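Here is the structure we will look at.
The values are calculated or read from the model by the stated rules, or taken from the named source; none is laboratory data. Predicted model, so just to flag it, every value in this text is computed and none were measured. Every residue, glycine as well, gets a Cβ built from its backbone with ideal geometry; the counts of neighbours run over all protein chains shown.
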Amino acid sequence: MKRFYALTMTSALCLGLSGPVMAQELPLFTLPDDDEREVWRPEQVTDPAALAALQATVAAAPVKVAAEISDPVQIALIYPSADTSDFFNRNYIAFTTRLDELGIPYETTEFATRMNEGELQNQFVAQVVNDDDIWDFVMYAPSELMAQGDNIQRLVDTEGFTTMIWGNHTPLKDLTTQPVTWFNFDSPSGAKAICDFMVDDLGSDKSYALIRGIPGSIDNLRSQTFAECVEETGNWTRVAEQYADFNREKGYTAMEQIMTAFPEVEVVHTANTAMGIGAVEAQIASGKTEDFYTTAWGGTSLELDAIRDGTLDATPMRMSDDIGAAAAESVKAVLEGRADELPLVFLGRMVIAHKGMSGEEIDALEAEAFRYSGLAPVK
């Protein structure tokens, strides 16, 4: 049965955790490049104390929900969980396992797409909004943030359920009301971390190629931030870049084209798991694995296996299950009337996994990252 829960509204001075955050309350502070972006950076719209509190809660043992809940909470998940990356599937497991530990009864309905199926996501959003009397919570992970801002606004404006955003961490400026919380890892921080690691590891004056996703914010945060960093700090030269729609097969084709047309390329940076694995597979098929230093993105099981095999060189690795656990704790906060304690943006931790690590070191990172979803492959 559909249940309704009261939200505690925030004041303009206490942004962090609330029911809907109004546009006029943002940002907490301005940045010099604000006029160049259509999004807020997470640090300028998130109360640091609220973020630290939720991170501490996620790391701690779960505490049972205090609210009385007689019927299962109805949760819709609209996300690209049908893609090569296991990120969303793992976070679904972390999310539901943490809900179980919190003693929250629930029923989930999944609306799965691949990363390049934006139109299908549009249809799913319309379906969920039309059936708004069913849901208590909607977890939405837009495959392309800028193109699907209208979907976010439509969900937030729909009364009767609470909207949270997965897989994105830069709130859109033009939303009149924000979702309760955004959950993700900070892509620019990851891009800069892999940049610093690679320049330190490989040195200056390298020729590199980008295999990019879909033109838009997600790819820019991962690819363009990396490119600007290595060109500035390492004097690297961008020889080629191709868009491959965050797709494994297209990543394979893009790598084939790079190997044929740009033999001077030494380093290949890819913007997600699917394209990274596709690029590695193309190198293996051509017998040229040793000719390139190749990255992927996210530190999924496929990527870690490729690092162990010596076919992938490095990746910014997300402590993946943090996101699912944080989402479950946020549901609990809403049910208990503590939505005003939540950060507008929750950021999980990222580290660099690379081929220079021992098997034991990679195993330890994997165990921490996948503490809920487990070490076995997730489909």
Subject >> The lone exception for Gly216 - which of (1) crowded, with 20+ Cβ neighbours inside 10 Å; (2) at pLDDT below 95 it fails >> reply: (1)
Original post:
What about Val239, is it over 27 Å from the mean Cα position of the chain (by Cα) and either over 30 Å from His169 (Cβ atoms) or touching a residue at least 60 places away in the same chain (Cβ under 8 Å) (or both)?
Top reply: yes
Original post:
Scanning for something buried (at least 24 other Cβ atoms within 10 Å of the Cβ), within 30 Å of Gly324 (Cα to Cα) and among the charged types (D, E, K, R), does the range 167-177 turn up at least one residue?
Top reply: no
Subject >> Only listed residue being more than 23 Å from His354 (Cβ to Cβ) and either of a type outside the set (Gly, Ala, Ser) or assigned to a helix (DSSP H, G or I) (or both), chosen from Thr225, Thr253 >> reply: Thr253
